Structure formats: C-alpha cells, structure tokens
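**Q** The structure under discussion is supplied below as structure tokens; questions concerning it will follow.
Just so it is clear, none of the values below were taken in a lab; they were calculated from the coordinates. Quick caveat: nothing in here was measured; it's all calculated off a predicted structure. Here the Cβ is made from the backbone with ideal geometry for all residues, glycine too, and neighbour counts use every protein chain on show.
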Amino acid sequence: MIIGLIGYWLVFRLLNQGLGSLADRWTRQWLDDRPVFWVKLVPSALTLVGLVFVNLVMDFARVRLVMLEGASAIEAFLASLGFSLTRIRRAIVIYAVPSLGGIALLGLYLLVWPQARHIGNVPSGAQIREPLGLAMLFIGQQVITLARYWLRVATWGGEWAFYSASQGTGN
C-alpha cells in the first residue's frame, strides 16, 4: 500500500502539478478560453493515464504476492512494473474490459437514480408505496454493489490468468 501511495503521489506531483503549472504559465496571457481548456486538459488526461497505470501495476503486484508467497512487496512491485511495461497492450485490455463494465454500470445507476429518488413521492392515500419504493431502492443499490464487486473479481481473475499463463505456471 505504501508503494502504491508513493506511485500515486509521483503521478500527481509530476503530471498534475508539474505539467499543470507549466500549462498555467504557458497559457496565462491567452485571451481565448477554448484553446486554454484544451491545453489544460492534457495534464489532466495524462494524470488519469498515470493513475490507471499505477493501479494496473499494483494489481499485478498483488497477484505476484499471492502467487509467490515469499516475495517482498518491493520485489513484487518492481517485477509487476517490468511485467506491465513489457506486455502493456494485453495488460491494459485485461484491466480495461471490466473497468469499462464498471463505467457502464455507473452510467446505468446515474440514469436510474433520478427516477429512484421519486419512488416514495406518492399521494397520501397510497401508504404502502413508500415502504415498497424504499425496499426496491435498497435492493437496486445492493444489486449495483454486487455487480461492482463482481467486476472487481473479474479484473483480478483476468490478471491472475494472464500473469500465471505468461509465467508458465498455469495455476
């Protein structure tokens, strides 16, 4: 966890603060806000990519720690860094597919949530609808939680299978 925090700090420090302040200085005298927006979007996008990469490396380090019980955290992180860099395209696909499923799930939740807020707003004569609406809202949120957990397990399973296949262990 400490190694991951250091990685996240480096990404924020170098990309978000470093490139962000460079973009601020570069665009300080510009009068049109549209190009300024696009220039300042670059450090934010690079920060997001950096955070995703650190998270990917940390996931593979966790897989290595579980697979090789005697490995140290630093060794697992460095090996995972090398593993992720040499197999970057396949590693990103394995990481991105369940992540995109999670983003789709978030979109579905945000689409349904405004309607779900008004489930309990019924005329005073229909007293059973409010508790039923709250129960349905609770069940819906539990389904979302379970689906998020399943997507995370699917990510770990894909990373485990990819890592073990590339190491030749076949576990």
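**Q** How high is the FRET efficiency from LEU41 to LEU105, r the C-beta distance, R0 25 Å, rounded to 0.05?
**A** 0.45
**Q** So what is the 222 nm mean residue ellipticity for the chain from helices alone, if each DSSP H run of at least 4 adds -39500 (n - 2.57) and you divide by all residues, rounding to the nearest 500 deg cm²/dmol?
**A** Using -39500 (n - 2.57) per qualifying helix, the result is -27500 deg cm²/dmol.
**Q** Put a dot 7 Å past each Cα toward the Cβ at ARG13 and ASN55; how far apart are the dots in nm?
**A** Here the modelled spin labels are 2.2 nm apart.
**Q** Find the Cα radius of gyration of region 1-86, compare it with 2.2 N^0.38 Å by division, and give the number to two decimals.
**A** Normalised by 2.2 N^0.38 Å, the Cα Rg of region 1-86 equals 1.43.
**Q** Starting from the Cα of ILE88, step 7 Å along the direction of its Cβ; do the same at ALA165; then give the gap between the two resulting points in nm.
**A** Result: 2.2 nm between the two label points.
**Q** For the chain, modelled as a Gaussian network with Cα springs under 10 Å, which listed residue fluctuates most, ILE92, ILE139, ILE74?
**A** Between ILE92, ILE139, ILE74, it is ILE139 that shows the largest mean-square fluctuation.
**Q** For the chain, just run the numbers: alpha carbon Rg, then divide by 2.2 N^0.38 Å, N being how many residues it has.
**A** So the Cα radius of gyration is 1.43 times the expected 2.2 N^0.38 Å.
**Q** Take each uninterrupted DSSP H stretch in the chain, measure its Cα extent along the helix axis, and return the ones at 18 Å or beyond whose mean Kyte-Doolittle hydropathy is at least -0.5.
**A** 33-67, 73-86, 88-117, 129-167
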